[in-house]
Every structure is written in C-alpha cells, then in structure tokens.
Amino acid sequence: MGKWQNILAASITSPEQLARRFGIDAEPLLRVVQRYPMRITPYYLNLINEPGDPLWRQCVPDARELEDDLQQEDPLREEILSPVPGLIHRYPDRVVWLVSSTCAVYCRFCMRKRQVGCVGAVTGKVQISAALDYIASRPEIRDVILSGGDPLLLDDDALEEILARLRQIPHLEIIRIGSRVPVTLPERITTRLCRMLKRYHPLYINTHFNHPLEITAESATACARLADAGIPLGNQTVLLKGVNDNPGVMKRLMQLLLKIRVKPYYIHQMDLVKGTGHFRTRVEQGLEIMESLRGHTSGMASPYYVIDLEGGKGKVPLLPDYVKRVGGNVLLVRNYRGEMVEYGDVD
Ligand SMILES: *Cc1c(COP(=O)(O)O)cnc(C)c1O
Ligand code: SF4
C-alpha cells in the first residue's frame, strides 16, 4: 500500500472514536452510522476546532439524518436515467460516470447518500466495459464527467486504465473529474498521480470546498500540483445551513479559492435528498449571497448559483433580479450598489 492508502486506513469510522476525542455522547450516532456510514480522515479531523463547527457539521453524523421522512432517496431520478449501471446520460452531449462508490470523508449532505459508501455499489470490470461501450457508440457524447463517490480514491493504475480507454474514443473531447480529495485527503494528490493525469489532457478537475477553513497549506499544495500539471481547476460548493449560508463566509471562500488557483464554478442549492433536510436553506439566502459577490469582489469569484430540478430536468442558474423593468427599448437595471440605471437597448 502507498502512503495515502495508509493514511486513509487510519481514518475514524465510529462514533466511539469521536466520543473519545471530543467527549461527546456516541449513543445517538450509532443508529445513524448503521444507515449512512461515517469516515473522517486524520487530516480533516484535525481541521475541526470544536463540536458543531462548520467542518464538524459536514462530516459528523447527526440524529436528524434519520428523522427526515419527507424527502426522496433519488429525487433527480439518476437511477432511472441510467442507460447502463453507473452512467447518467441526462444532457445531449455529456454523461456522468460513477466510477467509485467510496469517498475519503462521507459528507453528511451528500446527494448520493443512498449509495455512497454502501457495500454492493462497486464498479466491476463488466460495468466498466459496458459504460465504455455505451460512450463509444454515441458520437454525440463529447464530455465525460467521472464522479462517484470519489474517482481519485481509485488507485493510479485503475484510474489510468479508465482514462486511457476513454482516450481511445475519437469523438470524446474533454474529460472531467469531480473529486473532494484535495479538501479531505490532500496527501492523495501525489506527484506521481499528477504525472499520470497530465497524459490525458484536455482534463479538467472540479473540486469541492465548502468553507474557508478548508483552505490550508496542505489543500493549497494539492491544488498547486494539479494546476502545475496543466489541469484547470474549478470548484463546486454546496450551500449548507450552518456551514456557509452567510455572504461574508461565502465571499471569503470564493476569494481564497482564486488564491489557490481554483475558479469557482457552481454554488449548488441543496437537492431534496432524504437524510439531508437539516442542511437546506431558502433560495433567497442563495440569491443574497450572489448579490454580495457580483461587483463587490473579483468577477472571477462569482460562480453560477444553480438548482438541480427534480426528475432529472436539469440544472438551472438563478440570478438576483438585476433587470427591474423592460419597457419599449429601455431597460431599468440595478447595479451592485443598488442604483437603478436606465440602459437603452437596440430597437
Ligand atoms: C451536473 C451534471 C452534468 C454536468 O453539467 P455541467 O453544467 O455541464 O457542468 C452532466 N450530467 C448530469 C447528470 C449532471 O447532473
Ligand atoms: S465527496 Fe461528494 S460523493 Fe463523496 S460523500 Fe462527499 S458529496 Fe458525496
């Protein structure tokens, strides 16, 4: 085993371990982890300052996960929209491919909570071939997004096999990898991994920082290694109650991402996934955050704020109402200082 595998193996996975470290009562959490597993890497555990802080909330089980009866396990209908197991083909020219079912840290708000970290969701050789055959047989697919679980928890050889076989498909233009490993297990981003990845360009990585405290010397180094391998880095943040549902926190996060060469791509409204209801915020909160970014800091720090519609109907960007009135060929628009300004449109 390599070094990062050993570090991952030293993660904590039981409420008793948490109780010993933080002096909390493990009892209420035992039932939660039977349903939704926990894993917290040594690195991420060390970022927690105290119970209940923004990093704690993201990774420590909460009894409310089991009380959330209203919501659905798979509101986006990902399973129904799978042409072959592990592949989600919802948009005309791109697919999401779930190549891993494990993550370094199990996020309590995960939209794929029903399957991530659960036994039986492994990707076998047969499944890999079926997915590759599907992509190869559809010339309209020009973009493959490797997701999971976390694709970077595959070892280098397994990941390289997937990348190499994808690159044999002539119509495939770009490959994207979605990974939270730079945030939760930065030790995984080795120079060997980066040397391998750079052979499969154009390759993009979208990572997943949710709070300014996740930007550390270690995560900055991980991102720098990837960026130095020529990989453009984006970030997908989930808007989470009690973690980052605050304009000041979110603005600082976006600024610090740019500082470590990561371009904010999306802020996601929470999906209506069972077991995550206690993280949901109102859409107004997201719009207020978007208002606090545009104009007030670098335009590059403004991502899209998106909701993912139920039933697989797609992502939709939401914007504050900057256009107040449209009359004749004159628009009345609002700038970042709240001033209403006339804008003459063409006839
Ligand atoms: C989010 C998503 C994509 C990628 O969307 P982009 O807006 O291109 O980043 C593709 N397929 C599915 C099913 C998705 O949920
Ligand atoms: S890293 Fe992503 S897939 Fe894994 S638990 Fe977190 S949100 Fe879910």
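The values are calculated or read from the model by the stated rules, or taken from the named source; none is laboratory data. For clarity, every value in this text was computed on a predicted model and none was experimentally measured. Reconstructed Cβ throughout: ideal geometry from the backbone, glycine too, with neighbour counts over all protein chains shown. Side chains included, ligands, DNA and RNA excluded: accessible areas come from the protein's heavy atoms. Shrake-Rupley method; radii C 1.70, N 1.55, O 1.52, S 1.80 Å.
Here are some notes:
- Taken over the range 1-16, residues that are open to solvent by less than 40 Å² (accessible area, probe 1.4 Å) and either closer than 18 Å to Ile48 by Cβ or assigned to a helix (DSSP H, G or I) (or both) amount to 7.
Yes/no matrix, rows are residues, columns are (1) touching a residue at least 12 places away in the same chain (Cβ under 8 Å); (2) more than 19 Å from the chain's Cα centre (by Cα); (3) within 16 Å of ligand 2 (Cβ to nearest atom):
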site	(1), (2), (3)
Glu291	yes, yes, no
Ala301	yes, no, no
Glu310	yes, no, no
Gly314	yes, no, no
Pro317	yes, no, no
Tyr322	yes, yes, no
Arg325	no, yes, no
Leu332	no, yes, no
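- Residue list for the range 17-42, restricted to those being open to solvent by 20 Å² or more (accessible area, probe 1.4 Å) and under 19 Å from Ala104 (Cα atoms): Gln17, Val33, Gln34, Arg35, Pro37, Arg39, Pro42
- Restricting the range 207-234 to residues that are in contact with a Ser or Thr (Cβ under 8 Å, 6 or more places away or on another chain) and not in a helix (DSSP H, G or I), the residue that is surrounded by the fewest Cβ atoms within 10 Å (Cβ to Cβ): Gly234
- Boolean, Arg180 is within 16 Å of ligand 2 (Cβ to nearest atom) and basic (Lys, Arg): yes
- Restricting attention to the range 251-267, the residues that are within 16 Å of ligand 2 (Cβ to nearest atom) and surrounded by fewer than 22 Cβ atoms within 10 Å (Cβ to Cβ) total 2.
- Residue under evaluation Val99, criteria (1) within 16 Å of ligand 1 (Cβ to nearest atom); (2) of a type in the set (Val, Ile, Thr); (3) free of Cβ contacts under 8 Å to residues at least 60 places away in the same chain, criterion not met: (3)
- Test: residue in the range 177-194 that is without any contact (Cβ under 8 Å) to a residue 40 or more places away in the chain, more than 21 Å from Leu87 (Cα to Cα) and open to solvent by 30 Å² or more (accessible area, probe 1.4 Å): yes
- Entry remark, the range 158-171: residues being of a type outside the set (Asp, Glu), open to solvent by 10 Å² or more (accessible area, probe 1.4 Å) and over 22 Å from the mean Cα position of the chain (by Cα) number 7 in total.
- Selection of first residues in the range 115-128 that are closer than 16 Å to Ser82 by Cα and of second residues that are open to solvent by 60 Å² or more (accessible area, probe 1.4 Å) and modelled with pLDDT of 75 or more, restricted to Cβ pairs under 6 Å at least 6 apart or on distinct chains, gives the following pairs, ordered by first then second residue: Gln127/Pro85.
- Per-region count, the range 94-106, residues within 11 Å of ligand 2 (Cβ to nearest atom) and either surrounded by 22 or more Cβ atoms within 10 Å (Cβ to Cβ) or aromatic (Phe, Trp, Tyr) (or both): 6
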